[in-house]
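Input: a single structure, listed below in structure tokens.
The values are calculated or read from the model by the stated rules, or taken from the named source; none is laboratory data. Please read these numbers as outputs of a predicted model, since none were measured by experiment. Don't worry about glycine lacking a Cβ; one is built from the backbone with ideal geometry, like all the others, and counts go over all protein chains shown.
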Amino acid sequence: MTPDTLLAWHRTLIARKYIDHERRAAGRPPVTAETREWVVRMATENRSWGYTRIQGALANLDHHVSRGTIATILRQHGIEPAPERQKRTTWQEFLRTHRDVLAAADAFSVEVWTARGLTRFAVLFVIDLATRRVEIAGILREPDSAWVVQCSRQLTDPDNGCLRGKRFLLHDRDPRFTDAFADTLAAAGVETLRLPPRSPNLNAYAERFVRTIKESCLDRVILVGERSLRVAIHEFVEHDHHERNHQGMSNRLLFPATSSDRGDGPVACGSRLGGLLKYYHRAAA
């Protein structure tokens, strides 16, 4: 043993006493997962916020990080700096901002038994994105672009058209949505927005309605004749509006009956289409 060895032990004991040497990690302490989540959320929800603005908002929540750390977190998540983020408007932001003046159009097909055998009918509908109200624009066998244009005239009728007060109409790239269809809507002050290719999620509300009406109704019955198709669709739309809870709307009814119509009697089970569509309500006393 040499004097240097004793001095080294002495210095180690001093370091352990005042610095807690064995438990101290190298470098700066890591940023918590909660802080990282808030950085990403603030940058995503506020495209104009730069590093300093996010730093200040985090400080209000008792999360103290440097501008460099914020820049690193955003870069790791593929989020661009504020000047670049401000130049772009995502479809999600567009839909959220214009929801009150935005509707979506779509069509689906149904096989119906007729005198000719199985016949395919097309159903064109429009859904109000703010209220989720659905309007059936038309039902026709072997539809063409002229039929779609005629439906657009009915939708923009100044007295009864469901597109009154709307400024934009989303639709897919179906060839039946022609320039004549867009011109008819434009004359009524409604601008058509054709979705980009391979983007089904951009018309998610309309696509969800198609899935729901088929799974809950049309795929569970054998339709004979056009009249049966119209009755089934009408009954489901009424059920969808007044009797079916919507998870995307806080799991509530879209257009519930007024309190005076609900009654205070015993719980009763209502049904449509021979019990295919059921709902529960309080009967009048």
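Some observations on this one:
- Pairs linking a residue in segment 144-164 that is in contact (Cβ under 8 Å) with a residue 60 or more places away in the chain and more than 14 Å from D183 (Cα to Cα) to a residue that is of a type outside the set (V, I, T) and part of a helix (DSSP H, G or I), with Cβ atoms under 6 Å and 6 or more positions apart or on different chains, are L163/L155.
Results for (1) under 30 Å from A33 (Cα atoms); (2) under 27 Å from the mean Cα position of the chain (by Cα); (3) of a type in the set (V, I, T); (4) at pLDDT 90 or above, shown as yes or no for each residue.
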position: Q86; (1), (2), (3), (4): yes, yes, no, no
position: D128; (1), (2), (3), (4): no, yes, no, yes
position: I139; (1), (2), (3), (4): no, yes, yes, yes
position: C162; (1), (2), (3), (4): no, yes, no, yes
position: R167; (1), (2), (3), (4): no, yes, no, yes
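- Of the strands (runs of 3 or more DSSP E) that lie entirely inside segment 187-285, those containing 1 or more residues that are within 29 Å of V112 (Cβ to Cβ) span 267-272, 277-282.
- From L163, L140, residue being assigned to a strand (DSSP E or B) and in the same structural domain as L253 (by TED's automatic domain parsing): L140
- Residue check: R176 meets all listed conditions (1) under 30 Å from V221 (Cα atoms); (2) free of Cβ contacts under 8 Å to residues at least 40 places away in the same chain but one, namely (2).
- Unique match (being touching a residue at least 24 places away in the same chain (Cβ under 8 Å), loosely packed, with under 14 Cβ neighbours inside 10 Å and of a type in the set (V, I, T)) among V190, V221, V237: V221
- Residue count, segment 45-76 (criterion: among the acidic types (D, E) and either over 16 Å from P30 (Cα atoms) or surrounded by 16 or more Cβ atoms within 10 Å (Cβ to Cβ) (or both)): 1
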